[in-house]
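First comes the structure, then the notes that go with it.
The values are calculated or read from the model by the stated rules, or taken from the named source; none is laboratory data. As the structure is a computational prediction, the values presented were derived from the model and not from experiment. Cβ placement follows ideal geometry from the backbone for every residue including glycine, while neighbour counts extend to all protein chains displayed. The area values use the complete protein model at the heavy-atom level, side chains included, leaving out ligands, DNA and RNA. Shrake-Rupley method; radii C 1.70, N 1.55, O 1.52, S 1.80 Å.
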Amino acid sequence: MLDFKNIGKRNICLIGLMGSGKTIIGKELSKIYKIKHFDSDNEIEKNEGKNINSIFKIKGEEYFRKIEEKTCLELLEQHHCVISLGGGSIINNNIRSQIEKYSYSIYIKVDIELLADRLKNSNKRPLLNNTNIKLKLLELYNKRKKFYNKANLILKNNFDKSDILSNIKSKIETK
């Protein structure tokens, strides 16, 4: 059983680059602890009635970042849940502030080479369209790493999700 009072926060928040496994791990944690799971990108798509790629194409990244902020801030108000945040949401000061105040943050870190391999055939990632995926991921990582590295817990997710889940469980249940 997960006691949010023991971790001193009202929710668990997963952060990291796209393709790091935040959604998969978030869903698994929600099953383990029998709590809700929210994915900010899924919530945006549901609210907008369009996928992220279409939002970027039709309305642009600036519009997307505005609705991402609104959506993430609403999700971060939730209690006793797991929230998987979009990779770029961490660059927003307001979102970062809410994470620090109210969320036990877990940075899911994956080697850039492995991420590039995971994402090479994805057409759902607008920031990776028509670009060198590895170089773009490296650029994004370099802009965001100072924020990612402030997480309450940093775990590598290079191979087996069961390892990362057991690591998370051991860390948050012993708090």
Which of (1) out of contact with any Ser or Thr (no Cβ under 7 Å at 6 or more places or on another chain); (2) buried (at least 20 other Cβ atoms within 10 Å of the Cβ) is the odd one out, the single condition LYS66 does not satisfy? (2)
In the list LYS9, LYS36, LYS57, LYS5, which residue meets the criterion of being without any contact (Cβ under 8 Å) to a residue 24 or more places away in the chain and of a type in the set (D, E, K, R)? LYS5
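Here is a yes/no grid of residues against (1) touching an Asp or Glu at 6+ places or on another chain (Cβ under 9 Å); (2) among the polar types (S, T, N, Q); (3) modelled with pLDDT of 95 or more:
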residue: LYS36; (1), (2), (3): no, no, yes
residue: ASP41; (1), (2), (3): yes, no, no
residue: ASN53; (1), (2), (3): no, yes, no
residue: ILE58; (1), (2), (3): no, no, no
residue: GLU61; (1), (2), (3): no, no, no
residue: LYS66; (1), (2), (3): no, no, yes
residue: LEU76; (1), (2), (3): no, no, yes
residue: LEU85; (1), (2), (3): yes, no, yes
residue: GLY88; (1), (2), (3): yes, no, no
Which condition does ASN51 not pass, out of (1) farther than 23 Å from LYS5 by Cβ; (2) touching a helix residue (DSSP H, G or I) at 6+ places or on another chain (Cβ under 6 Å); (3) open to solvent by less than 50 Å² (accessible area, probe 1.4 Å); (4) of a type outside the set (D, E, K, R), if it passes all the others? (3)
Out of TYR141, TYR104, which single residue is part of a strand (DSSP E or B) and at pLDDT 80 or above? TYR104
